[in-house]
1. Any residue at all in segment 227-234 that's of a type in the set (Val, Ile, Thr), under 25 Å from VAL295 (Cα atoms) and not in a helix (DSSP H, G or I)?
2. Output the number of residues of segment 244-270 satisfying the condition of being under 15 Å from LEU288 (Cβ atoms) and either loosely packed, with under 10 Cβ neighbours inside 10 Å or touching a residue at least 60 places away in the same chain (Cβ under 8 Å) (or both).
3. Could you please give the count of residues in segment 152-181 that are at pLDDT below 90 and outside any strand (DSSP E or B)?
4. Considering only segment 173-200, how many residues are closer than 30 Å to LYS53 by Cβ and either of a type in the set (D, E, K, R) or loosely packed, with under 14 Cβ neighbours inside 10 Å (or both)?
5. If you scan segment 195-226, which residues turn out to be in contact (Cβ under 8 Å) with a residue 24 or more places away in the chain, basic (Lys, Arg) and part of a loop (DSSP other than H, G, I, E, B)?
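The values are calculated or read from the model by the stated rules, or taken from the named source; none is laboratory data. Since we're looking at a predicted model, the values are computed, not measured. Every residue, glycine as well, gets a Cβ built from its backbone with ideal geometry; the counts of neighbours run over all protein chains shown.
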Amino acid sequence: MASQDWFDKDFYKVLGVKKDVTPAELKKTYRKLARKYHPDSNAGDPKAEAKFKELSEAYSVLNDPEQRKEYDAVRAMGSGARFTAPGGGGQAGGFDDVFGGMFGGGARGTSSSYQQADFEDILGGVFGRGGGFGQPSGGYRGFGGPTPGRDVTASTTIDFLTAVKGDTITLQTAEGRTIKVKIPAGVADGQKIKLRGKGHQSPDGGPAGDLVLSVSVRKHPVFERDGLNLRVNVPVTFVEATLGATIEVPTLGGEPVRLRVAPGTPSGRVLRVKGRGVATSKGTGDLLAVVQVAVPSHLSAEAREALERFHEVEPKENPREDLIVRARG
């Protein structure tokens with residue numbers, strides 16, 4: 001901050017502490033006030049935000065032994081002084097008038113080299129520092145103050161149903177802490193979930209860091225994700241696919257639903273069940289039942305004879321004819 005401000009601002013008064021406050025008492029007082037006025041606790045309150053900046057500014061100076069020493073010295077220099085402009089009249093004067101006298105220039109006769117100098121450079125020399133006062137760093141919007149805790153990364157594996165429906169799970173951190181994590185419905189494999197304030201604690205009273213959780217989802221033996229849809233392969237017999245049938249199709253975590261397979265349904269046709277997919281705040285998917293015509297691997301002699309009789313009377317079509325034509329271009 002500009003050194004001139006140090007004359008104008010009473011940082012001890014801002015924090016409500018005495019000038020001989022110990023570092024421990026200073027930190028305790030600041031933490032209490034910072035929690036009270038932190039923007040996260042006073043959303044949309046410009047007065048609280050301004051107060052938090054003021055507190056952070058004061059703490060960043062008084063908490064630094066070097067800066068506190070310099071601040072006290074600067075304030076002592078300006079204590080009780082009356083600044084008058086050249087020519088009298090009792091008007092408030094600039095800092096050139098005060099420090100011109102200090103460096104031999106007199107209240108009205110400062111040297112040209114002093115006039116060109118930066119006020120902070122001069123004070124830096126007075127207090128044994130080669131340059132100006134250091135700017136406080138970190139904290140809320142550059143005003144110093146408490147340091148946020150570090151973020152933590154972690155990973156977990158959940159089952160398919162938990163990923164689709166959502167649930168609250170319990171995790172244990174490397175430090176042995178137990179935390180509850182709400183898994184939102186529809187979380188996908190590889191997705192990251194940020195848990196605010198579940199990371200490392202701040203070393204000086206600031207906000208805790210976040211926990212960034214990478215989620216892996218176990219595969220399901222029947223269902224798979226297709227965006228917000230759930231896809232399931234449903235076997236049907238040759239007769240069901242040929243003559244048509246009503247079949248049962250499983251749903252995730254619920255009772256089976258009945259679907260009508262139309263006569264002549266080929267393998268690969270998709271039968272859709274509206275609203276039985278993944279339900280999230282962004283929408284709800286469908287259940288996609290993919291028909292797979294099952295070919296019997298074993299036939300009795302009677303079944304084989306019946307199938308051969310069918311072959312004699314079935315339509316004489318080549319189901320690959322169109323494929324071959326299209327392949328030739």
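1. Within segment 227-234 (the criterion being of a type in the set (Val, Ile, Thr), under 25 Å from VAL295 (Cα atoms) and not in a helix (DSSP H, G or I)), the answer is yes, since at least one residue qualifies.
2. Within segment 244-270, residues that are under 15 Å from LEU288 (Cβ atoms) and either loosely packed, with under 10 Cβ neighbours inside 10 Å or touching a residue at least 60 places away in the same chain (Cβ under 8 Å) (or both) number 1.
3. 5
4. The number of residues fulfilling the criteria is 4.
5. LYS198, ARG218, LYS219
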